[in-house]
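The values are calculated or read from the model by the stated rules, or taken from the named source; none is laboratory data. These figures come from a predicted structure and were not determined experimentally. Glycine also receives a Cβ, built like all others from the backbone with ideal geometry; neighbour counts cover every protein chain displayed.
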Amino acid sequence: MLNHLPNLKQFLSEYHFMEIIHVSAECYPVAKVGGLGDVVGALPKYQNKLGHFAKVVMPAYQTKFLAENQFETVYDGWAKVGSTNYQARILREKTNKLGFDVFLVHIAGLFDRDGVYGYADDTERFLAFQIATLDWIAQWEHRPDVVHVHDHHAGLIPFMMSNCHQYAHISQVPTVLTIHNAQYQGQFGWDKLHYFPSFDLVNTNKLDWASAINPLAAAIKCAWRITTVSPSYLDEISYAANGLERLLSQERGKSIGVLNGIDTEVWNPQKDKMIAKSYNVRTLESGKKANKEELCRVFNLDASKPLYTFIGRLVGEKGADLLPDIFYNALAQSNGEINILVLGSGDTHVEDRLNAITHQYPGSYNAFIGYNEALSHQIYAGADFLLMPSRVEPCGLNQMYALRYGTIPIVRRIGGLKDTVVDIGDGGFGICHDQSSVWDVGHAIGRAYELYQDQKKVKEIRKLMMSIDHSWDNSAQQYLSIYQM
Ligand code: ADP
Ligand code: GLC
């Protein structure tokens, strides 16, 4: 009889269903600016498939999702930020259509706007969001198993849970911080210290980094566990983390690198309604051809030539400022033998330069400046190559979408790109370069051009790429183990 006890213990620990609260500024399809939205829109779904109860709490921006879905109010209260009381309501999407419950924190005057970030009062907006979220959780009759916060917009939660008097009874709920990008930290001045619910001032140092209140640093100090979105990024942030290197090295003991996955239901060339022709690994040649032809027709390009693409935020981290020179060189050297297509938005100077190339190389080059989810799918499906010359890339999802759609990634060996792309020279499927420089990327474009001449090899590589499994199944399981550590 006693022999059964260890098994029972194992059974109970394996079958303990966890209630996991993800707190984030983005979640696809509710609101997405970049990869954070994709991750938070997928990870909870995969955790629920494993039998757990994962939910997402995020701000109620004025998005299409808010206008087009049905919600019930689960909380009606006030979020006190310093001397201002904001009316806060939390709305639950009624149908669980995303595969998890999503709760939208509506704060009058702060989130009834279209955009996600970039407002002068972002500090007040995200602090009010975090306070409303905790006020709500603190009045539940039960405790969740873990509060999982993403990036600095939710980074003050671990501090407030463990230090603010009004949250004392949830201070024993474990917190996990995922760092998607340490470049952005959400710093603000000490004149706003009175925004916090009361706490013992002796703990003020937990908020401090480089003489400012730093939400990401506070989360690194106070969260029970830290994860980065790839193993290589965990190594890199001990020497490149926009000023947080020393702190991150110090907290390395509680940090783990977990590679992001992708939502293989949303990103599925066989079922994707956003692409011109669906395909799978068996029909990939005809599928990619049809999608490339459609893309080239719309953007006035020549489908008989290799198509190089870029999708992303036009910012320094992505190496976007290098793109105009990279493209001018490649277009001049190739004598009209290549096509280039860009989808992105960001720095206006880069946008203008990228637009200008269209006039000089019509028929070989085009750019769509803006954000367009459907077009991104069509590009992953129709492109031959996807460029990612990133200076910083904590994980990167684009290269994994490219693989899934049989598009060869050309990436800088950094962060998650290093963890997911193996160079053709090493028996792999991608083209890798070491530096984020015009010369290195130009050389990689040349290698891709040579590869393109060998269509038999290209076909083999496409098959290989499409058979790689980057779904969330593995990493979702890894997060569950982290919660139980
Ligand atoms: P980051 O989060 O740093 O921007 P990721 O590679 O993790 O980079 O994720 C970027 C996500 O945003 C991908 O889903 C990509 O397809 C999408 N994306 C980026 N720019 C655009 C755009 N202009 N239009 C549509 N989708 C975009
Ligand atoms: C950040 C990173 C990106 C990562 C994404 C999702 O935006 O810049 O590399 O893929 O978060 O974790």
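Residues that are under 21 Å from Q435 (Cα atoms) and either assigned by TED's automatic domain parsing to the domain that holds A182 or within 13 Å of ligand 2 (Cβ to nearest atom) (or both) within the range 380-401 comprise M388, S390, R391, V392, E393, P394, C395, G396, L397, N398, Q399, M400, listed in sequence order. For first residues located in the range 240-251 and surrounded by fewer than 14 Cβ atoms within 10 Å (Cβ to Cβ), partners that are among the aliphatic types (A, V, I, L, M) and lie 6+ apart or on another chain with Cβ distances below 6 Å form the pairs N242/A182. The residue that is nearest to ligand 1 (Cβ to nearest atom), among those in the range 391-418 that are among the small types (G, A, S) and in contact with a strand residue (DSSP E or B) (Cβ under 7 Å, 6 or more places away or on another chain), is G396.
Scoring V421 on the criteria (1) touching a residue at least 24 places away in the same chain (Cβ under 8 Å); (2) surrounded by 24 or more Cβ atoms within 10 Å (Cβ to Cβ); (3) more than 8 Å from ligand 1 (Cβ to nearest atom); (4) among the hydrophobic types (A, V, I, L, M, F, W, C) leaves a single failure, condition (1). Taken over the range 360-399, the criterion of being in contact with a Gly (Cβ under 8 Å, 6 or more places away or on another chain), over 16 Å from F299 (Cα atoms) and not β-branched (V, I, T) is satisfied by M388, P389, S390, R391, E393, P394, C395, G396, L397, N398, Q399.
All of (1) surrounded by 19 or more Cβ atoms within 10 Å (Cβ to Cβ); (2) within 16 Å of ligand 1 (Cβ to nearest atom) hold for T63 with one exception: (1). In the condition set (1) of a type in the set (G, A, S); (2) touching a helix residue (DSSP H, G or I) at 6+ places or on another chain (Cβ under 7 Å); (3) more than 26 Å from M160 (Cβ to Cβ), A88 is compliant with all but (3). For the range 346-357, the condition of being near ligand 1 (Cβ under 10 Å from one of its atoms) and within 30 Å of S238 (Cα to Cα) holds for at least one residue.
The one condition from (1) over 20 Å from the mean Cα position of the chain (by Cα); (2) at positive phi that G186 does not meet is (1). Within the bounds of the range 257-270, is there any residue that is more than 16 Å from ligand 1 (Cβ to nearest atom) and buried (at least 19 other Cβ atoms within 10 Å of the Cβ)? So far as the range 257-270 goes, no, none of its residues is more than 16 Å from ligand 1 (Cβ to nearest atom) and buried (at least 19 other Cβ atoms within 10 Å of the Cβ).
Identify the residue in the range 336-353 that is closer than 21 Å to G446 by Cβ and among the aliphatic types (A, V, I, L, M) and, among all such residues, is nearest to ligand 2 (Cβ to nearest atom).
Keep residues of the range 336-353 that are closer than 21 Å to G446 by Cβ, which gives 336-342.
From what's left, among the aliphatic types (A, V, I, L, M): 338, 340-342.
Details: I338: 27, I340: 23, L341: 22, V342: 18 Å.
So, considering only residues that are closer than 21 Å to G446 by Cβ and among the aliphatic types (A, V, I, L, M), the one nearest to ligand 2 (Cβ to nearest atom) is V342.
List every residue pair whose Cβ atoms lie under 6 Å apart, where the two residues are 6 or more positions apart in sequence or sit on different chains, the first residue falls within the range 302-315 and is under 16 Å from V392 (Cα atoms) and within 9 Å of ligand 1 (Cβ to nearest atom), and the second residue, located anywhere, is among the basic types (K, R) and modelled with pLDDT of 95 or more. Sorted first by the residue in the range 302-315, then by its partner, the pairs are G312/K318.
Does any residue of the range 66-73 turn out to be in contact with a strand residue (DSSP E or B) (Cβ under 6 Å, 6 or more places away or on another chain), buried (at least 23 other Cβ atoms within 10 Å of the Cβ) and on the phi < 0 side of the Ramachandran plot? No, the range 66-73 contains no residue that is in contact with a strand residue (DSSP E or B) (Cβ under 6 Å, 6 or more places away or on another chain), buried (at least 23 other Cβ atoms within 10 Å of the Cβ) and on the phi < 0 side of the Ramachandran plot. Looking only at residues of the range 407-418 that are out of contact with any Gly (no Cβ under 8 Å at 6 or more places or on another chain) and in contact (Cβ under 8 Å) with a residue 24 or more places away in the chain, we find that the one that is surrounded by the fewest Cβ atoms within 10 Å (Cβ to Cβ) is K418.
For every residue, the table says whether it meets (1) buried (at least 17 other Cβ atoms within 10 Å of the Cβ); (2) in contact (Cβ under 8 Å) with a residue 24 or more places away in the chain.
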residue: D434; (1), (2): no, no
residue: A448; (1), (2): yes, yes
residue: M465; (1), (2): yes, yes
residue: H470; (1), (2): yes, yes
residue: N474; (1), (2): no, yes
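Looking across the range 337-378, the residues that are surrounded by 13 or more Cβ atoms within 10 Å (Cβ to Cβ), farther than 30 Å from Q270 by Cα and of a type outside the set (A, V, I, L, M) come down to E337, G346, D347, E351, R353, N355, T358, Y361. Residue under question is A290, and the condition is that it be modelled with pLDDT of 95 or more and under 24 Å from the mean Cα position of the chain (by Cα); does it hold? So A290 does not fit the description; no. Among the residues of the range 173-201, those identified as under 30 Å from D235 (Cα atoms), in contact with a Lys or Arg (Cβ under 8 Å, 6 or more places away or on another chain) and surrounded by fewer than 23 Cβ atoms within 10 Å (Cβ to Cβ) are V173, P174.
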